[in-house]
Number of protein chains: 2
Amino acid sequence: MSNTIDRLAGELAGVTLLREAGDLTRLSRDFYWFSPVLKALLDDKRADLVAVPASQAEVARIVGACATAGVPLTPRGLGSGNYGQAMPLEGGVVLDLTRLNNVLWVKPGAVRAEAGARLSEIDVQARKSGWEQRMLPSTFRGSTVGGFYCGGGVGIGSNNYGMLKDPGNILGVKALSMEPQPRMVEFRGRDAVDLHHAYGVNGVVLEVELALAPALPWVEFLVSFGSFNDAVSFAQMLGESDGIAKKGVSAHQWPLPRSYRPLKDVVRPGESVVMTLVADYNEAAFAEMVKAAGGAITYRNDPRAEGAKRLTLQEFMWNHATLHAIREAEAAGAAPGMEGGITYLQLGYPAGRNLELVRRIHEIFGEEVVQHVEFIRVKGAVTCSGLPIVRWKGESRLREVMRILEEEGVYIADPHTWVVEDGGKKSINPRHVDLKIAMDPAGLLNPGKLRAWDEREATQKKSVFWDS
Amino acid sequence: MSNTIDRLAGELAGVTLLREAGDLTRLSRDFYWFSPVLKALLDDKRADLVAVPASQAEVARIVGACATAGVPLTPRGLGSGNYGQAMPLEGGVVLDLTRLNNVLWVKPGAVRAEAGARLSEIDVQARKSGWEQRMLPSTFRGSTVGGFYCGGGVGIGSNNYGMLKDPGNILGVKALSMEPQPRMVEFRGRDAVDLHHAYGVNGVVLEVELALAPALPWVEFLVSFGSFNDAVSFAQMLGESDGIAKKGVSAHQWPLPRSYRPLKDVVRPGESVVMTLVADYNEAAFAEMVKAAGGAITYRNDPRAEGAKRLTLQEFMWNHATLHAIREAEAAGAAPGMEGGITYLQLGYPAGRNLELVRRIHEIFGEEVVQHVEFIRVKGAVTCSGLPIVRWKGESRLREVMRILEEEGVYIADPHTWVVEDGGKKSINPRHVDLKIAMDPAGLLNPGKLRAWDEREATQKKSVFWDS
């Protein structure tokens with residue numbers, strides 16, 4: 001490989017290339033270490049070269065050179081995803097797209113940006129004309145739109161707009177094929193969803209076009225409840241209150257809120273919390289609902305007011321909650337994978353049964369599973385997605401916990417695998433294979449992530465062997 | 001009564017008063033004649049005097065004078081409601097509030113207007129700063145916000161914001177008590193919902209404050225389907241598509257669309273239709289969904305485009321559809337209540353069972369009931385409300401149809417009664433009686449509409465008799 005990489009580097013003169021061991025390691029990693037399972041398996045995965053293109057033309061040069069040389073290429077944004085989704089399992093080149101960060105245009109209801117544009121910067125640009133992104137991951141400050149498109153599925157705002165893949169959220173995507181002469185392909189509408197959440201295996205995503213939401217005057221609230229059941233019931237009721245404009249509805253079971261150090265003065269010992277953003281003109285209705293539900297607003301921040309706090313509760317939602325919990329455990333001496341440490345899961349609670357399942361999970365697991373749920377719309381119905389903290393007792397107990405949850409009817413998007421189909425997608429989509437044949441015929445893009453592709457290759461190889 | 005009215009008229013010198021028979025009849029009526037049942041019962045109801053105040057001060061004078069004289073007072077807006085809700089069952093004074101039409105202010109997310117302000121004018125004012133009303137009746141061109149607040153419940157936009165009574169939609173209301181010295185009372189939040197949909201029996205509503213929605217660039221579509229089941233299934237799917245921004249989702253069974261004369265060139269014989277407004281940036285996703293569902297877009301109008309049609313599909317939704325159907329039947333010689341004529345119902349299809357019930361109703365009634373459904377959110381769930389056209393076969397058959405529908409699990413908001421509790425509300429709310437005691441102690445406001453009040457009075461009178 002080393003000779004090949006040297007030759008590649010020579011061909012790519014003028015492009016920023018990194019070969020220092022520290023850079024190679026740093027830029028080959030994401031938040032895979034959230035999972036003790038993945039940590040053990042992926043710790044040694046590392047690119048041979050990192051390329052940091054400054055333009056789409058440079059990307060095309062890199063892609064063409066790698067395709068010609070048969071070198072695997074793994075595109076990445078900030079690397080704030082999980083599951084090793086942006087980690088180069090077979091080495092080769094990591095393509096750091098963070099300099100491709102132009103917000104190309106904002107129109108009423110839509111934005112188009114280069115893959116490396118930060119979500120926070122897109123929001124800044126969109127807000128200038130009264131719009132904002134429909135959903136954001138809790139990592140929005142630094143993470144890129146290309147990364148969210150390729151690795152995200154839902155986010156803060158999914159209580160209004162559902163999943164990113166739902167029709168109307170993704171408008172278009174431009175990608176480069178992985179070929180010696182790369183082709184630039186624009187996918188629109190339904191076709192643009194085929195490249196989504198595929199970890200970049202189906203094309204090098206250069207531009208993403210997304211629908212926007214009207215930017216509302218959000219005020220942030222933390223509401224404290226005596227019991228997690230009360231918190232979750234309130235969150236569900238809020239989610240179902242069509243007249244209250246809100247963004248992000250998140251419920252956290254005690255002792256999880258104890259991990260949120262910046263919030264230590266507003267979290268009450270022993271109490272569970274709901275976090276949400278409510279449009280200021282609906283604050284009165286929200287406060288009435290809190291009171292009727294027996295909650296207490298212990299934190300209110302209007303980011304537009306004078307003297308407002310810079311802190312945002314959005315950085316305690318979704319997997320940022322997990323991050324805080326892991327940091328807390330680490331501070332107590334229990335790193336992920338250690339006895340006494342913690343890990344997490346990603347759950348889907350079916351609509352209509354979600355409150356019952358929240359209670360049931362607590363009955364079954366007690367303090368082994370501390371629940372954190374995010375309310376979203378799934379095909380129009382309000383339900384919750386879960387990111388519970390699970391006490392680490394080894395992989396076999398983790399698998400058993402997952403089995404029990406599935407038996408209870410909970411859907412699991414396994415965060416302890418790097419395989420596209422074993423995580424969020426769950427099904428092998430023949431369209432993905434066809435698309436990959438067209439866009440990456442040699443299977444060089446982020447190899448090892450698409451089971452449908454690897455099984456196809458295995459099958460082909462076998463049949464070639466059998467035929468011969 | 002005539003002497004009392006003469007005296008009242010004298011006391012109200014300077015206020016515009018109408019006493020011509022034609023005016024008294026015209027301004028004592030609403031769309032009660034949609035119901036053959038109500039037509040027969042209410043045709044002779046007429047005010048003795050109509051007062052048309054030009055200011056809130058004049059309203060206070062009229063209210064004080066009527067309360068002192070013990071004369072019933074029935075406030076009204078345009079009279080575009082149904083059920084005789086604004087008709088003076090006991091004569092007295094009709095208070096025409098249409099000159100009290102100031103839009104007091106528009107702020108981000110909220111508007112406050114006098115009761116007589118037209119909904120269309122409020123929308124014009126709100127749009128200047130990028131907002132629009134959350135829901136509108138199909139009569140929005142002329143009808144007033146006070147009338148919608150006092151007599152409406154849902155509307156075009158309820159697919160996003162639910163029912164008008166849902167927390168966060170109504171922000172406040174100012175009403176005058178019916179007393180010799182009228183008090184001006186401001187109700188906020190939950191309390192402001194107590195006067196809603198009570199036909200003005202609990203106070204003379206002078207100002208209404210409502211939450212707004214961001215104004216989106218709506219494009220209007222009519223989609224044609226071979227069968228009503230296909231149309232309804234598509235409409236449900238569209239309603240559940242959280243990523244497609246839309247306002248108003250309406251499905252009309254053939255032959256109802258035949259009545260829509262202005263649409264005759266875009267309606268296909270024998271086909272059922274879906275009407276909706278979609279944000280322009282989601283048009284592509286919408287068109288993909290139409291195609292996948294086997295529909296055909298036969299009409300598209302972007303009201304902001306050059307050469308756009310002035311016609312709006314919003315005037316074929318909700319009870320405007322009923323109006324078109326009645327007009328069509330009348331043109332064929334069958335006025336409401338005549339053999340061969342038609343009438344209508346107002347149905348609530350429970351979420352989760354609504355598609356099944358649409359099919360079931362067709363199985364049971366065939367062409368006797370032609371369905372027209374409007375998709376709304378009810379506590380977060382997408383379902384439909386129905387305004388079916390029912391072939392008129394006399395009141396007893398109508399009651400039987402209603403009984404069968406209720407047995408099937410359909411909720412009925414009976415449009416053939418003027419009683420608050422027998423129509424949409426269904427339950428006697430003790431808060432309403434307490435409120436009426438405070439706001440209208442002598443029971444003079446729009447008498448005969450609130451069962452809870454009349455039964456309380458009957459009980460009181462009886463017990464006085466028994467005690468004596």
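The values are calculated or read from the model by the stated rules, or taken from the named source; none is laboratory data. Because the structure is predicted, anything quoted here is derived from the model rather than measured. Ideal geometry is used to build each Cβ from the backbone, glycine not excepted, and the neighbour counts take in all protein chains shown. Note: accessible area is taken over every heavy atom of the protein model, side chains too, but ligands, DNA and RNA are not part of it. Shrake-Rupley method; radii C 1.70, N 1.55, O 1.52, S 1.80 Å.
Could you tell me the accessible area of B:T298 in Å² (1.4 Å probe, neighbours in place), rounded to the nearest ten?
Its accessible surface works out to 40 Å², give or take rounding.
Which percent, nearest 5, of DSSP beta bridges in the protein assembly as shown are antiparallel?
90 percent
Report, in cubic angstrom per residue, the convex hull volume of the C-alpha atoms of segment B:61-108.
Roughly 108 Å³ of hull volume per residue.
Treating the beta-carbon of each Lys and Arg as +1 and of each Asp and Glu as -1, no other charges, what is the dipole magnitude of segment A:46-147 about its Cα centre, to the nearest 20 debye?
Around 340 debye, computed over segment A:46-147.
Rounded to a whole number, what is D in µm²/s for segment A:304-427 from Stokes-Einstein with the Kirkwood radius over alpha-carbon pairs (10 °C, 1.306 mPa s)?
Calculated translational D: 101 µm²/s.
For the protein assembly as shown, compute Rg over Rh where Rg is the Cα radius of gyration and Rh is the Kirkwood radius from the inverse mean 1/r over Cα pairs.
That ratio equals 1.04.
List the residues whose amide H sits under 5 Å from the amide H of A:Y344, counting only those 5 or more places along or on another chain, with H placed 1.01 Å from N in the peptide plane.
Placed amide hydrogens put A:V390 under 5 Å from A:Y344.
I'd like the distance separating the alpha-carbon centroids of segment B:216-295 and segment B:21-38, in whole Å.
Between the Cα centre of segment B:216-295 and that of segment B:21-38, the gap is 34 Å.
Which shape class, rounded, prolate or oblate, goes with segment A:188-337 when its Cα gyration tensor gives a ≥ b ≥ c as root eigenvalues, a/c under 1.5 marks rounded, and past that a/b bigger than b/c marks prolate? Don't jump to the answer; show the numbers that get you there.
Working: a/c = 1.91, a/b = 1.24, b/c = 1.54.
In terms of gyration-tensor shape, oblate.
Run through segment A:1-71 and list the trypsin sites (Lys or Arg not before Pro) located in a DSSP loop whose Cβ has at most 10 other Cβ atoms within 10 Å.
Answer by residue number: there is no such site.
How far, in nm to one decimal, is B:R304 from itself in the other copies if the label point is set 7 angstrom along Cα toward Cβ? Shortest first, please.
In ascending order, 2.0 nm.
Quick one: with label points 7 Å out along Cα→Cβ, list the inter-copy distances for A:D422 in nm, shortest first?
Label point to label point, same position, other copies: 6.7 nm.
Could you work out the Kirkwood radius for segment B:107-226, taking every pair of different alpha carbons, averaging 1/r and inverting it, reported in Å?
14.8 Å
What part of the accessible area of chain B, given as a whole %, is carbon or sulfur when the probe is 1.4 angstrom? Don't jump to the answer; show the numbers that get you there.
Details: 9180 of 17650 Å².
Result for chain B: 52 percent of the exposed heavy-atom area is carbon or sulfur.
Taking DSSP loops as anything outside H, G, I, E and B, show the longest stretch in chain B free of GluC sites (Glu not before Pro) there with at most 10 other beta carbons within 10 Å. Mind showing how you got there, number by number?
Details: sites that count: B:E20, B:E306, B:E339.
That would be B:21-305.
Can you work out ³J(HN,Hα) from phi for every residue in segment B:438-450, in order, using Karplus 6.51 cos²θ - 1.76 cosθ + 1.60 and θ = phi - 60°, giving whole Hz and x for Gly and Pro?
6, 9, 8, x, 8, x, 9, 7, 6, x, x, 9, 10
Step through the residues of segment B:263-277 one at a time and calculate ³J(HN,Hα) from phi using the Karplus curve (6.51 cos²θ - 1.76 cosθ + 1.60, θ = phi - 60°), rounding each to whole Hz and writing x for Gly and Pro.
Each residue's phi maps through the Karplus curve to give 9, 4, 7, 10, 8, 9, x, x, 9, 8, 10, 10, 10, 7, 10 Hz.
If you rank A:L355, B:L210 by how much accessible surface each has, with a 1.4 Å probe, what is the order from largest down?
Order by accessible area, largest first: A:L355, B:L210.
Report, by chain and number, residues whose modeled amide H sits under 5 Å from the one on B:E207, excluding near sequence neighbours (fewer than 5 apart, same chain).
B:A115, B:K174
Computed over the Cα atoms, what is the radius of gyration of chain A divided by 2.2 N^0.38 Å, N being its residue count?
0.98
Would you work out the charge dipole size for chain B about its Cα centre, treating the Cβ of every Lys and Arg as +1 and the Cβ of every Asp and Glu as -1, and quote it to the nearest 20 debye?
440 debye
Could you calculate the FRET efficiency of B:E339 with A:R353 from 1/(1 + (r/R0)^6), where r is the beta carbon distance between them and R0 is 56 Å, rounded to 0.05?
Details: r = 51 Å, r/R0 = 0.91.
It comes out at approximately 0.65.
If you put a point 7 Å past Cα along the Cβ direction, how far is that point for B:E400 from the same point in each other copy, in nm, smallest first?
6.5
Note down the magnitude of the dipole of segment A:162-259 about its Cα centre, charges +1 on Lys and Arg C-beta and -1 on Asp and Glu C-beta and zero elsewhere, to the nearest 20 debye.
It comes to approximately 140 debye.
With contacts defined as alpha carbon pairs under 8 Å and 6 or more residues apart, what's the relative contact order of chain B in percent?
16 percent
Which residue, chosen from A:V15, A:S120, A:H320, occupies the Cα position most advanced towards the positive end of the dipole of the protein assembly as shown, where the dipole is computed from +1 (Lys, Arg) and -1 (Asp, Glu) charges on Cβ about the Cα centre?
The listed residue farthest towards the positive side: A:V15.
Inside 10 Å of the C-beta atoms of B:277-288, what's the mean count of C-beta atoms belonging to other chains?
Numbers: counts 0, 1, 7, 4, 12, 7, 1, 8, 11, 3, 1, 6.
Partner Cβ neighbours, averaged per residue: 5.
Quick check on the protein assembly as shown: helices-only [θ] at 222 nm, where DSSP H runs of length 4 and up contribute -39,500 (n - 2.57) each and the sum goes over total residues. Nearest 500, please.
Numbers: 30 runs with 298 residues, N = 936.
The helix contribution divided over the protein assembly as shown gives -9500 deg cm²/dmol.
B plus A alone minus the pair: what accessible area, both sides summed, probe 1.4 Å, in Å² to 100?
2200 Å²
With θ set to phi - 60°, apply the Karplus curve 6.51 cos²θ - 1.76 cosθ + 1.60 along segment B:91-103 and write out the HN-Hα couplings as whole Hz, x wherever there is a Gly or Pro.
x, x, 9, 9, 9, 8, 9, 5, 8, 8, 10, 6, 7
Hey, what's chain A come to in accessible area per residue, 1.4 Å probe, Å²? Write out the running numbers ahead of the final one.
Numbers: 17640 Å² over 468 residues.
Value for chain A: 38 Å² per residue.
Can you classify segment B:251-361 as rounded, prolate or oblate using the Cα gyration tensor, where a ≥ b ≥ c are the square roots of its eigenvalues, rounded means a/c under 1.5, and otherwise it's prolate if a/b beats b/c and oblate if not? Working shown, then result.
Numbers: a/c = 2.14, a/b = 1.32, b/c = 1.62.
Taking the square roots of the gyration eigenvalues as a ≥ b ≥ c, segment B:251-361 is oblate.
Only counting protein heavy atoms at a 1.4 Å probe, give the residues of segment A:167-190, ordered by number, whose accessible area falls by 10 Å² or more when the other protein chains are present relative to the chain alone.
SASA drop of 10 Å² or more in segment A:167-190: A:P167, A:G168, A:L171, A:G189, A:R190.
A:N446's amide H: which non-local residues (gap 5+, or another chain) put their own amide H closer than 5 Å, with H modeled 1.01 Å from N in plane and none for Pro or chain starts?
A:L73, A:T74
Give the chain A residue with the shortest beta-carbon distance to the rotation axis relating chain A to chain B, plus that distance as a whole number of Å.
A:P214, 2
If ligands, DNA and RNA are left out, what is the accessible area of B:M402 with a 1.4 Å probe, given in Å² to the nearest 10?
Roll a 1.4 Å probe over it and B:M402 shows about 20 Å².
How much of the calculated P(r) for segment A:151-205 lies past 20 Å, in percent of all Cα pairs?
27 percent
From the square roots a ≥ b ≥ c of the eigenvalues of the alpha-carbon gyration tensor of segment B:41-146, which class results: rounded (a/c under 1.5), prolate (a/b over b/c), or oblate?
Because a/c hits 1.5 or more and a/b fails to exceed b/c, segment B:41-146 counts as oblate.
Considering only A:I364, A:P88, A:V193, whose Cα is most displaced toward the positive end of the charge dipole of chain A, charges sitting on Cβ of Lys, Arg (+1) and Asp, Glu (-1)?
A:V193
Over segment B:15-113, what is the relative contact order in whole percent, taking alpha-carbon pairs under 8 Å and six or more residues apart?
Details: 174 pairs, mean separation 33.4, N = 99.
Relative contact order, segment B:15-113: 34 percent.
Order the following by accessible area, largest value first: A:D414, B:D191. Probe radius 1.4 Å; ligands, DNA and RNA are ignored.
The most accessible residue leads, giving B:D191, A:D414.
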